[in-house]
Amino acid sequence: MVQSVQSTNKKTTLYESAVAGGMAGAITRAVAQPLDVLKIRFQLQLEPIRNGSKYSSILQAVSSIVKEEGILTLWSGHVPAQFLSISYGILQFSVFEQLTQVCQSSDLQFYNAHKHWINFSNGGVAAAVGTVASFPFDTVRTRLIAEQKTKKAYKGFTHAITSMVRTEGVGALYKGLTPTLGQIAPHAGIQFAVYRFLTDSVFKKIPFFQRQATVHSVVESSLVANIIAGSIAGFVSKTAIYPFDLVKKRLQIQGFQQHRQSFGKQMYCTGLLDCVKLTITVEGFLALYKGYGPSMLKAVLVSAMHFAVYDEIKHMFLKLKS
């Protein structure tokens, strides 16, 4: 839909991109938070995922968490997660749209010839900017999800962030930033490139997936097409970078292991490479994909909703201006 919009004289403003990105982040986070909780719990489990381990399947994990810690535990860390999603959504989509418009203004012919690679690079840059700005919220929500609810370390979001700064220093809020940047740029780049390729080059050419826009009668991809494209983009991008996400989560709980003793073995590592080495030597190479099931469900759902909601809100803004 971006390309169809940009073929008109109606550009998406910075304010519109920010509002659409923030709302897309908030809506998808509220729906997908339980899957995020499941993913993180699996990622932090050192024991093999099998019968007898703390968490052995998605359904068993849900049952165990609800029974032992209450149903609201599935929304653990929701407040910082919302701050994370909203701030990240605002920055990611705003930066992406502005970079795309700069590229088009500079050399439209070059942009049209290389738009998929440009979408990849612009998506990566936009994601990196959003990640650095929102990362403390990510660390705090990981801690809140990781803690045992029957033996809480933190009273809530505010207490968690102040306690971390007081006892571990400001740097604790950025634990795991290196592997995060290593995975977020290619993750978002792949996501944007795949999504825009499917919507602009595939679905808009199929009558069933077309929506006749009111903005200068430009043909746009439909909501159904955007949801399918977002789902595929989420699946491809998450599969490509998943091990980085697991390592990030394990680094974020370093210094916090004493509050997770009832969950089983704890990992103590000194950094990115040490974490990867320990994970592979102690648990095997496939351990880098622990939590892949709930993570993939979340990735498909979130990516589909994120792009679809964002483009629907953008479409609404453009209709209002037509």
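Being small (G, A, S) and within 24 Å of K265 (Cβ to Cβ) is the requirement here; does A193 meet it?
Answer is no for this residue.
Taking Q252 as the residue in question, decide whether it is buried (at least 22 other Cβ atoms within 10 Å of the Cβ) and modelled with pLDDT under 85.
Yes; evaluated as a whole, the condition is true for this residue.
Looking at region 183-229 only, could you name the residues that are farther than 12 Å from D311 by Cβ, modelled with pLDDT under 85 and assigned to a loop (DSSP other than H, G, I, E, B)?
Answer for region 183-229, where residues must be farther than 12 Å from D311 by Cβ, modelled with pLDDT under 85 and assigned to a loop (DSSP other than H, G, I, E, B): T214, V215, H216, S217, V218.
Would you confirm, using the coordinates I've provided, whether S105 is more than 26 Å from Q183 (Cα to Cα) and either touching a Phe, Trp or Tyr at 6+ places or on another chain (Cβ under 6 Å) or part of a helix (DSSP H, G or I) (or both)?
Considered against the rule, which asks whether it is more than 26 Å from Q183 (Cα to Cα) and either touching a Phe, Trp or Tyr at 6+ places or on another chain (Cβ under 6 Å) or part of a helix (DSSP H, G or I) (or both), S105 comes out as yes.
Name the one entry in Q266, Q254 that is in a loop (DSSP other than H, G, I, E, B) and under 22 Å from the mean Cα position of the chain (by Cα).
Q254
Looking at region 308-322, I want the residues that are in contact (Cβ under 8 Å) with a residue 60 or more places away in the chain and have a partner that is basic (K, R) with Cβ atoms under 8 Å, at least 6 apart or on another chain. Which pairs are those?
Cβ pairs passing all conditions: L318/K10; K321/K10; S322/K10.
Would you tally the residues in region 111-142 being within 17 Å of the chain's Cα centre (by Cα) and of a type in the set (D, E, K, R)?
Summing the residues that are within 17 Å of the chain's Cα centre (by Cα) and of a type in the set (D, E, K, R) in region 111-142 gives 2.
Report whether or not T158 is of a type in the set (S, T, N, Q) and crowded, with 19+ Cβ neighbours inside 10 Å.
The answer is no for T158.
Could you identify the single residue in S134, S85, S76, S121 that is hydroxyl-bearing (S, T, Y) and either more than 30 Å from M164 (Cα to Cα) or without any contact (Cβ under 8 Å) to a residue 24 or more places away in the chain (or both)?
Exactly one of S134, S85, S76, S121 is hydroxyl-bearing (S, T, Y) and either more than 30 Å from M164 (Cα to Cα) or without any contact (Cβ under 8 Å) to a residue 24 or more places away in the chain (or both), namely S121.
Scan S163, S237 and give me the residue that is of a type in the set (S, T, Y), crowded, with 21+ Cβ neighbours inside 10 Å, part of a helix (DSSP H, G or I) and at pLDDT 90 or above.
None of the other options fit; the residue is S237.
The values are calculated or read from the model by the stated rules, or taken from the named source; none is laboratory data. The model shown is predicted, which means the values in this text are computed figures rather than measured ones. No Cβ is skipped: glycine too gets one built from the backbone with ideal geometry, and neighbour counts run over all protein chains shown.
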